[in-house]
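First up is the structure itself, then whatever we jot down about it.
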Amino acid sequence: MEKGKHEFLQEATLDRVSRTFKALSDPTRVRILYLLTQEECSVGHIAEVLGLSQSAVSHQLSSMKNQRLVKARRDGQSFYYSYDDDHVIEILKQVINHSLHD
């Protein structure tokens with residue numbers, strides 16, 4: 001291909017892609033997100049199932065919510081979390097599958 005004929009990513013796209021991969025680079029966030037592929041969960045349930053403190057879970061969920069990877073639904077006094085991006089979940093599942101067949 002000739003010089004000058006290449007396509008480049010817009011800065012906003014590049015930033016979003018980098019932030020998404022950075023969010024997925026943390027093992028705790030991957031564990032939480034993978035759990036959310038199986039069921040909608042409260043902070044307490046996530047903490048119990050994964051053996052984490054509620055504070056740690058809340059911190060990670062807040063970070064993932066800012067990245068639009070998870071969303072929250074209020075039910076009375078409780079919030080229930082689920083994943084918010086089918087594309088990211090598909091990437092996560094593909095990487096998990098790739099890792100299992102390495």
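The amide H of residue 70, built 1.01 Å from its N in the peptide plane, has 65, 84 as neighbours under 5 Å, considering only residues 5 or more places off or on other chains.
Computed over protein heavy atoms with a 1.4 Å probe, the accessible surface of the chain works out to 73 Å² per residue. In order along segment 22-38, the phi-based Karplus estimate (6.51 cos²θ - 1.76 cosθ + 1.60, θ = phi - 60°) of 3J(HN,Hα) comes to 5, 4, 7, 7, 9, x, 5, 5, 5, 4, 5, 4, 5, 4, 5, 6, 9 Hz; Gly and Pro are listed as x. Counting Cα-Cα pairs of the chain in 5 Å increments starting at 0 gives whole-percent bin shares of 2, 11, 21, 21, 16, 11, 7, 4, 3, 2, 1, 0, 0. Shown here for segment 1-91: chymotrypsin sites (Phe, Trp or Tyr not before Pro) in loop regions (DSSP other than H, G, I, E, B) with at most 11 other Cβ atoms within 10 Å, namely 8.
When the solvent-accessible area of the chain is split by element, carbon and sulfur atoms take up 49 percent of it, the probe being 1.4 Å. Scanning residues 5 or more positions from residue 79 or on other chains, those with amide H under 5 Å from its amide H are 43, with H placed 1.01 Å from N in the peptide plane. Each of the peptides 46-52, 85-91 was scored by the mean count of other Cβ atoms within 10 Å over its residues; in descending order, highest first, they stand as 46-52, 85-91. Relative to the first principal axis of the alpha-carbon coordinates of the chain, what is the inclination of helix 54-66, with its axis defined by its Cα atoms, in degrees from 0 to 90 and to the nearest 10? Orientation of helix 54-66: about 40 degrees from the principal axis. For segment 17-80, trypsin sites (Lys or Arg not before Pro) meeting the loop criterion (DSSP other than H, G, I, E, B) and having at most 15 other Cβ atoms within 10 Å: 68. Dividing the mean sequence gap of close Cα pairs (under 8 Å, 6+ apart) by how many residues the chain holds gives a relative contact order of 24 percent.
The values are calculated or read from the model by the stated rules, or taken from the named source; none is laboratory data. Small disclaimer: the values here were computed from a predicted structure and weren't measured. As a convention, Cβ positions derive from the backbone with ideal geometry for all residues, glycine included, and neighbour counts pool all protein chains shown. The area values use the complete protein model at the heavy-atom level, side chains included, leaving out ligands, DNA and RNA. Shrake-Rupley method; radii C 1.70, N 1.55, O 1.52, S 1.80 Å.
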